[in-house]
Amino acid sequence: MDITLVQETPFRFRIERQGPMRVPGVVFAARELVPQVAGDKALEQVANVATLPGIVRASYAMPDVHWGYGFPIGGVAATDVEAGGVISPGGVGFDISCGVRLLAAGMDRDPPASGMRRLMDILGDTVPRGLGPGGLWELSGRAQLEKILVAGAGYAVEHGHGVPRDLERCEDRGALAGADPSQVGQRAADRGLKQVGSLGSANHFLEVQAVDRVYDAETATAFGLHQGQVCVMIHCGSRGLGHQVCTDHVRVMDQSLRAYGIHLPDRQLACVPVVSPPGRAYLGAMAAAANYARANRQLLTQAARRAFAAAGVGLDLVYDVSHNIAKIESHDVDGVSRQLCVHRKGATRALPPGHPDLPADLTRAGQPVMVPGTMGTASYVMVGTVGNDAFWSSAHGAGRVWSRHQALRRVRGEQLGGELEAHGIAVRPVSWRALAEEAPDAYKDVDAVATATEGAGLARRVVRLVPLGVVKG
């Protein structure tokens, strides 16, 4: 398929319908953020997603868009449930409910360097990370795991791993409805039993940050943030359990395509109607994995709280939101309210002020939107805005421009660690190789991504955060 971008505004491009595309493609980005790296087929993937049965309005790409499995990372697509709309695991990703939560500390930046080193040493010693098993909570067996799969962060809080307010500041109050643990295979369950409360690997992190700049003081105050404040950002997901759930259900859907008469330009888009038995089975398993991810971040929150408590400092949850998920939502399409299956893969929900799904104390402000950068660069807290036509969706981070293999060829982990330390950023990696894979140069400019996100009307900047120390998976 020949992909031609038509620029509509400084931050919006259009891919006109052609061939089997049912809707156009829309790319929210500045020109310099549009994927141009050889081998990055993200724009082709945007067009491929536009062929999905039941898709409405457009196939969207966020400013951090880059190549992924089936869907581009940074892809958003909604299908009409009652008009044959499909659910595609490729539109969620393997790390189901990977997301970000931000904690605000009761202290300001510029603590003594030795104090920050001690804090990072505690976090480095107590936060499980890396490939394989190892978590903060050893579960007794599948029966207890299934309680997490249904109740998510709520089950963790119920068992002393947090406070009730944490659930108010978590998407879906910490648990996505409709979870069906019976659709989670035994291999997935076995992987999940030993990983609750762990970062994992790749781009996952726990980062100590400080508010470097305030763009909207009123909204920042509503979020509990102020200039100079120390924060903790946690980025992780559903670990091996979510990966296995995706693997298992992609296989089923791939084998079901012919039965449902679905023809796709890319088999990685394997899908079935939302209302079909395999569609409902995947949604139930996906919700269960999402709840596991929420519990996982809740456990890591408590690990961070224990570390800060050693210095007599508390941590309050600002918000927790997923960026790899599909949800059944009501949206107006062509003046008619429809039940849609909204896929957000490497894209975060961004509810505007007044939305009924917001916590009561954030109704006037809107939903916090976290846009993390990578080591040595800034991160942003943004807020959802009125007028977002991408089903209240926004960018989720900086977005890769180098593969991990490219990063390893170009960067030495030991040298990068020294450079970060020289800039006052305490680094606690699981390995030098893991550090090199996530080098800052491997990602887009997060400042440019935030600017494009605001320019496109997806979300508005509230505060900019800079790193003080990072624990890497």
- Just subtract the alpha-carbon distance of Val275 and Glu8 from 0.36 nm times their residue separation and send over the number in nm, one decimal. 92.5 nm
- Note on the structure: The FRET efficiency for Ala310 and His226, from their Cβ-Cβ distance with R0 = 30 Å and rounded to 0.05, is 0.80
- Listed pairs Lys147/Lys472; Lys345/Lys472; Lys194/Lys472; Lys147/Lys327; Lys194/Lys327 exceeding 25 Å between Cα atoms: Lys147/Lys472; Lys194/Lys327
- Under the 7 Å Cα-to-Cβ spin-label approximation, Ala448 and Leu257 lie apart by a distance in nanometres of 3.5 nm
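Classify region 370-473 as rounded, prolate or oblate from the Cα gyration tensor: take a ≥ b ≥ c as the square roots of its eigenvalues, call it rounded if a/c is under 1.5, otherwise prolate when a/b beats b/c and oblate if not.
Note, shape of region 370-473 comes out prolate.
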- Task: Using a/c under 1.5 as the rounded threshold, could you call region 43-94 rounded, prolate or oblate? The axes a ≥ b ≥ c are square roots of the C-alpha gyration tensor eigenvalues, and prolate needs a/b larger than b/c, oblate otherwise.
- Result: prolate
- Message: Counting only other residues whose beta carbon sits under 9 Å from that of Ile234, what net charge do I get with K and R as +1, D and E as -1?
- Response: 0
- Message: Compute, for the chain, the length of the dipole vector about the Cα centre, with Cβ point charges of +1 (Lys, Arg) and -1 (Asp, Glu) only. Units Debye, rounded to 20.
- Response: 800 debye
- Message: With bins 5 Å wide starting at 0, give me the P(r) of region 30-183 over every alpha carbon pair, in whole percents.
- Response: 2, 7, 10, 13, 14, 14, 14, 13, 9, 4, 1, 0, 0
- Quote the relative contact order of region 416-473 in percent (integer), defining contacts as alpha-carbon pairs under 8 Å separated by 6+ residues. 53 percent
- For region 1-40 and region 363-386, what is the separation of their C-alpha centers, rounded to whole Å? 25 Å
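Report the full-extension gain for the segment His159 to Glu82: residue separation times 0.36 nm, less the Cα-Cα distance, to one decimal in nm.
This chain segment gains 23.7 nm when fully extended.
Normalising by the residue count of region 347-432, find the relative contact order in percent from Cα pairs under 8 Å and 6+ residues apart.
It comes to 26 percent, rounded to a whole number.
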- Message: Give me the three principal axis extents of the chain from the C-alpha atoms, as integers in angstrom, largest value leading.
- Response: 62, 52, 48
- Query: What spacing in nm lies between the two simple spin-label points modelled at Thr247 and Asp108, each 7 Å away from Cα in the Cβ direction?
  - Reply: 5.0 nm
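Throughout, read-outs are computed from the coordinates displayed, never taken from laboratory work. Everything numeric in this text was worked out from a predicted model, so none of it was measured. So basically every Cβ, Gly included, is an ideal-geometry build from the backbone, and we count neighbours across all protein chains shown.
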